[in-house]
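Chemist: There's a structure below that I have some questions on.
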2 protein chains.
Amino acid sequence: MGEQVIIFDTTLRDGEQSPGISLDQGEKLEIAEQLARLGVDVIEAGFPVASQGDFESVEAIAKVVRGPVICGLSRTALADVDRCWEAVQHAERQRIHVFIATSETHMKHKLRMTKDQVKAEAKAAVTRAKSYTDDVEFSPEDASRSDFEFMCEVLRVAVEAGATTLNIPDTVGFGVPEEYAKRLLDVRAAVPGDYVISTHCHDDLGMAVANTLAAVKSGARQVEVAMNGIGERAGNAALEEVVMALKTREDYFGGLQTNVVAEELARTSRMVSRLTGYPVQYNKAVVGRNAFAHEAGIHQHGVLAERTTYEIMDPAAVGQVESKIVLGKHSGRHAFADTLEKMGMHIQGDALNQAFTRFKELADRKVEITEADLEAIVAEELGTSLQNAFELESIVFRGGSVGAATSEVVLVSPDGVKVEATAEGDGMIDAACNAISEAAGVTGSLVDFKVSSVTGGVDALGDVVIQMESEGTRVSGRGVSTDVVEASARAWLNAVNRMVRVQARGEVRDLETGP
Amino acid sequence: MGEQVIIFDTTLRDGEQSPGISLDQGEKLEIAEQLARLGVDVIEAGFPVASQGDFESVEAIAKVVRGPVICGLSRTALADVDRCWEAVQHAERQRIHVFIATSETHMKHKLRMTKDQVKAEAKAAVTRAKSYTDDVEFSPEDASRSDFEFMCEVLRVAVEAGATTLNIPDTVGFGVPEEYAKRLLDVRAAVPGDYVISTHCHDDLGMAVANTLAAVKSGARQVEVAMNGIGERAGNAALEEVVMALKTREDYFGGLQTNVVAEELARTSRMVSRLTGYPVQYNKAVVGRNAFAHEAGIHQHGVLAERTTYEIMDPAAVGQVESKIVLGKHSGRHAFADTLEKMGMHIQGDALNQAFTRFKELADRKVEITEADLEAIVAEELGTSLQNAFELESIVFRGGSVGAATSEVVLVSPDGVKVEATAEGDGMIDAACNAISEAAGVTGSLVDFKVSSVTGGVDALGDVVIQMESEGTRVSGRGVSTDVVEASARAWLNAVNRMVRVQARGEVRDLETGP
């Protein structure tokens, strides 16, 4: 057996910082639980100082999720480090990840600090983090564009102060495999001490995965990756690609092992896509719907009698299997809850009640309910795990190529007060959104709209994700129904409810991007 | 100035072979014209022997598109080579691309040929191709898993018979940069002669771009790439990533040049996405909508006063600019046609008339018409450049959370005969599709459904792409409207019309996958 590569997942930190993603606590917990099932070694759960919401999510994950190390990101300000520890302290095993930029352009334009100041900051922050936990990671941000000598000075200071992992981020996605791998080898030679070298690669030039793997080949033993490759700009190295490349090319990578349960990859990918509202492109490696599909021709020729002719991975090995039928019209409450539990989805209380109601409505319209359908319903209800300002009582639409589209809606608040509105619009979805906005007294503009079908077939569920913007705040909403217009109305209402919560909290996220 | 790298675009061949993509001739021509504007050196226009439709598309592109070399793919059977020449002969400059597999598994399970047979086939086919044109490319399929010595024997035969380009495909996406680059260097050492070495990398392990670039660094001077990285399974190396990596890291790649006009990348990407129905993921490098976007926080902090802090490419340099407002409610027919012409879109006759009608309808509902809106309308009308069996006369929908959804539709055939139907459904879109199917007498099942908004705002156009399957044949349909239900009905009707044409031709594509 070869050595172990530590899988450090940053889906909930770098991934969640992508524009328009706004996961709430319930959703982050659900993803973190799934990442634990997937077998990642470290979960970077967030950036606690960024906002109260971020802090609470990291804290909740630290309290609940068992298995992986729970890590929080922190700038070098000591108050940031303290706040980070406050959030992660409840974990089984905790890590604090301190970062500060070391490139000329970042020091000059972003930090406005001298080299000496940067060194002093790194030393103080790592020392403080070390006073809380033995497991401290340090990142020189924009490492790939930093002066090598100076960066190594900062890294030596960090190691002396107690850092046990040195992460060398290619923050701007500038690296090329050979060059990035060499840089990590050079760090190893220039910085004495007992530490793990880690990669963090962005995909701006399409080489994040190759850069990560080249570094691993040269001795890096931690990789920072995100499911579906999400993250700032073009995103991070995709977890699923790095893991499957190590497995498939074990011969080349010297038998390196990971703890990832590859069969959970497809489900983790679906969950992250659905909760973030970020679609996975069809031809995405490993988890895309076509990753193992061929145009019909060659099947007809029977050349795939031997699977290995065109496939180097087995779809089943990454969990790409037909969604199983698990429930039907006559399934009761217990069967429903049991099935969710078996699928590893933990929802309780009101969210469970509402999900069950939605399931029964759906079962009236659709004979066979698959795992994928349940995932979609639960994903929608997770967004309502917090108290909603409004629930949908009823909605009606009329439209067509003749005359304006109209919609009538009745909403009800938790104390049972009903509000109604009728509105016209450019199309029925617009009419429905207008009616909901009017009834709720919350206006916002639609900045993105995306529908995908959960399974095939005419009675497939439509899964709608929208993004609404109001006074500079952007929230997403999700709705599921066999009717796309109804799904859209539900998504809009979901966003309205989130907007009410966000505005009530009066909160703006205050953050830098991180490595 | 450094040496030139030949950009060989296979969007219309390997890309178009992706499951569910079924471009018709008008759409392929439109993409080919755009590829010429983008400045690619070679367009692999298709696989002429695969079907009559493929043949005609390659022929049309060879007759019309000027600038790039027009290439056709061919198996080694002499009749295939002849047919390929028949299609490409009309081009300004032609290329025939001959391939045959050289790996054990492919020879045994797919070709059922001995090594000697494979060599003889390669020789005969290249010789025949050379009798038609000087520009002959040869690919040993599944090169990365082939016995190196045997593969070189075949390559020597091909060069002796006149091949001028040797393409070394990583057909199964198995390669790692260092290893793939070394293989190409070894080929150069083992195969004497004057030829260009070419890459063709699949992305199954997420390393297609890095493999391509590592090979270029080692001397490959042609890269086979596809827009948006589409292609078999996880797709090919993405054209935009390879080109921008060469440009951005000119320092590393020794100043290599391409003829690509990078400012056309974004538009080419949108066109390919829209016509294929393949979404581009938000975090896709270079052409994704977030490729240059940051979470709001850092903008608020003004750290982007210096753009280079986080961006290594300028969005404008790849054509990622705000869609300009180009037309309004009072724009006339000439202004409309002129604007399309300026945007480089050539549509004429009935398609132009219909696009203008749709534009006027849209201008009644939407004040400002942008370039992106026009692209969407034209994309829909391209699908109707051939004679349609049915046009939409009118459609009405009713639905909501109470009672079944219903739709009434009136279709009209070219000879003026009207057919009507009313249907119920699980949701209004389902009802509308049922009504259209009933009126047209064409049934099919919905296998995929995707909506995207063309621009932001509540009055944004919804761009719907669906895939319909009937008796093993899969076609796509596209519809655009400010109302998503109407857009869906239009998309369904578009697919019904295509299905009628395909079934009338009684055609099944007969192909292998190619390199």
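The values are calculated or read from the model by the stated rules, or taken from the named source; none is laboratory data. These numbers come from a predicted model, not from an experiment. Backbone-built Cβ (ideal geometry, glycine too); neighbour counts: all protein chains shown.
Chemist: Among the residues in segment B:176-194, are any more than 9 Å from chain A (Cβ to nearest Cβ) and either of a type in the set (S, T, N, Q) or under 20 Å from residue B:240 (Cα atoms) (or both)?
Modeler: Looking for residues that are more than 9 Å from chain A (Cβ to nearest Cβ) and either of a type in the set (S, T, N, Q) or under 20 Å from residue B:240 (Cα atoms) (or both), one finds none in segment B:176-194, hence no.
Chemist: Could you tell me which residue of segment B:217-233 is farthest from the other protein chains (Cβ to nearest Cβ), considering only residues that are buried (at least 24 other Cβ atoms within 10 Å of the Cβ) and of a type in the set (Gly, Ala, Ser)?
Modeler: The qualifying residue farthest from the other protein chains (Cβ to nearest Cβ) is B:220.
Chemist: Is it the case, given these coordinates, that residue B:166 is under 30 Å from residue A:287 (Cα atoms), hydrophobic (A, V, I, L, M, F, W, C) and either free of Cβ contacts under 8 Å to residues at least 12 places away in the same chain or away from chain A (no Cβ under 14 Å) (or both)?
Modeler: Considered against the rule, which asks whether it is under 30 Å from residue A:287 (Cα atoms), hydrophobic (A, V, I, L, M, F, W, C) and either free of Cβ contacts under 8 Å to residues at least 12 places away in the same chain or away from chain A (no Cβ under 14 Å) (or both), residue B:166 comes out as no.
Chemist: Residue A:231 - would you say it is free of Cβ contacts under 8 Å to residues at least 40 places away in the same chain and assigned to a loop (DSSP other than H, G, I, E, B)?
Modeler: It is false that residue A:231 is free of Cβ contacts under 8 Å to residues at least 40 places away in the same chain and assigned to a loop (DSSP other than H, G, I, E, B).
Chemist: Specify the residue that is nearest to the chain's Cα centre (by Cα); the eligible residues are those in segment B:241-258 that are of a type in the set (Asp, Glu) and surrounded by fewer than 14 Cβ atoms within 10 Å (Cβ to Cβ).
Modeler: B:250
Chemist: Here are some residues: B:142, B:134, B:194. Which one is surrounded by 24 or more Cβ atoms within 10 Å (Cβ to Cβ) and acidic (Asp, Glu)?
Modeler: Being surrounded by 24 or more Cβ atoms within 10 Å (Cβ to Cβ) and acidic (Asp, Glu) holds for just one of B:142, B:134, B:194, which is B:142.
Chemist: Here is a further query. For segment B:32-134, please list each of the strands (runs of 3 or more DSSP E) lying entirely inside it that holds at least 1 residues being aromatic (Phe, Trp, Tyr) and touching a residue at least 24 places away in the same chain (Cβ under 8 Å).
Modeler: B:94-101
Chemist: Also, quick follow-up: Out of B:486, B:438, which single residue is over 21 Å from residue A:490 (Cβ atoms) and of a type in the set (Asp, Glu)?
Modeler: Just a single option satisfies the conditions, and that option is B:438.
Chemist: For residue A:305, which of the numbered conditions (1) at pLDDT below 85; (2) closer than 30 Å to residue B:269 by Cα fails to hold?
Modeler: Going through (1) at pLDDT below 85; (2) closer than 30 Å to residue B:269 by Cα one by one, residue A:305 breaks only (2).
Chemist: Mind listing whichever residues of segment B:164-183 are buried (at least 22 other Cβ atoms within 10 Å of the Cβ) and of a type outside the set (Gly, Ala, Ser)?
Modeler: Once the filter is applied, which keeps residues that are buried (at least 22 other Cβ atoms within 10 Å of the Cβ) and of a type outside the set (Gly, Ala, Ser), segment B:164-183 yields B:165, B:166, B:167, B:168, B:169, B:170, B:171, B:172, B:174, B:176, B:177, B:180.
Chemist: Where the second residue is among the basic types (Lys, Arg) and not in a strand (DSSP E or B) and the first is closer than 18 Å to residue B:270 by Cα and lies in segment B:311-335, which pairs have Cβ atoms under 7 Å and are six or more apart or on separate chains?
Modeler: Cβ pairs passing all conditions: B:319/B:267.
Chemist: A further question follows. Of all residues in segment A:234-244, which are assigned to a helix (DSSP H, G or I) and either closer than 20 Å to residue A:14 by Cβ or more than 7 Å from chain B (Cβ to nearest Cβ) (or both)?
Modeler: A:239, A:240, A:241, A:242, A:243
Chemist: Looking only at residues that are surrounded by 17 or more Cβ atoms within 10 Å (Cβ to Cβ) and of a type in the set (A, V, I, L, M) in segment B:311-326, which one is nearest to the other protein chains (Cβ to nearest Cβ)?
Modeler: Per the criteria, the residue is B:312.
Chemist: Follow-up question, since we're still on this one. Restricting to segment B:49-64, count the residues that are in contact with a Leu (Cβ under 8 Å, 6 or more places away or on another chain), away from chain A (no Cβ under 14 Å) and buried (at least 20 other Cβ atoms within 10 Å of the Cβ).
Modeler: Of the residues in segment B:49-64, 2 are in contact with a Leu (Cβ under 8 Å, 6 or more places away or on another chain), away from chain A (no Cβ under 14 Å) and buried (at least 20 other Cβ atoms within 10 Å of the Cβ).
Chemist: Out of all the residues in segment B:197-209, is one or more under 23 Å from the mean Cα position of the chain (by Cα), touching a residue at least 24 places away in the same chain (Cβ under 8 Å), assigned to a helix (DSSP H, G or I) and at the interface with chain A (Cβ under 9 Å from one of its Cβ atoms)?
Modeler: Checked against the condition, which is being under 23 Å from the mean Cα position of the chain (by Cα), touching a residue at least 24 places away in the same chain (Cβ under 8 Å), assigned to a helix (DSSP H, G or I) and at the interface with chain A (Cβ under 9 Å from one of its Cβ atoms), segment B:197-209 yields at least one hit.
Residues are listed down the side, and each one gets a yes or a no for (1) crowded, with 24+ Cβ neighbours inside 10 Å; (2) modelled with pLDDT of 75 or more; (3) in contact with a helix residue (DSSP H, G or I) (Cβ under 8 Å, 6 or more places away or on another chain); (4) aromatic (Phe, Trp, Tyr):
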residue	(1), (2), (3), (4)
B:455	no, no, yes, no
B:459	no, no, yes, no
B:463	yes, yes, yes, no
B:470	no, yes, yes, no
B:478	yes, yes, yes, no
B:484	yes, yes, yes, no
B:489	yes, yes, yes, no
B:493	yes, yes, yes, no
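Chemist: Further question on the same structure: Residues to consider are B:237, B:214; find the one that is out of contact with any strand residue (DSSP E or B) (no Cβ under 8 Å at 6 or more places or on another chain), on the phi < 0 side of the Ramachandran plot and either surrounded by 24 or more Cβ atoms within 10 Å (Cβ to Cβ) or not charged (D, E, K, R) (or both).
Modeler: Answer to the selection: B:214.
Chemist: Looking at (1) at negative phi; (2) within 12 Å of another protein chain (Cβ to nearest Cβ); (3) out of contact with any strand residue (DSSP E or B) (no Cβ under 6 Å at 6 or more places or on another chain); (4) part of a helix (DSSP H, G or I), can you tell me which one residue A:280 breaks?
Modeler: In the conditions (1) at negative phi; (2) within 12 Å of another protein chain (Cβ to nearest Cβ); (3) out of contact with any strand residue (DSSP E or B) (no Cβ under 6 Å at 6 or more places or on another chain); (4) part of a helix (DSSP H, G or I), residue A:280 misses (4) alone.
For (1) within 12 Å of chain A (Cβ to nearest Cβ); (2) surrounded by 14 or more Cβ atoms within 10 Å (Cβ to Cβ); (3) modelled with pLDDT under 80; (4) touching a Lys or Arg at 6+ places or on another chain (Cβ under 7 Å), each residue gets a yes or a no:
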position	(1), (2), (3), (4)
B:336	no, yes, no, no
B:352	no, yes, no, no
B:355	no, yes, no, no
B:368	no, yes, yes, no
B:389	no, yes, no, no
B:392	yes, yes, no, yes
B:412	no, yes, no, yes
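Chemist: Scanning segment A:474-489 for residues that are part of a strand (DSSP E or B) and within 9 Å of chain B (Cβ to nearest Cβ), which turns out farthest from residue A:398 (Cα to Cα)?
Modeler: A:474
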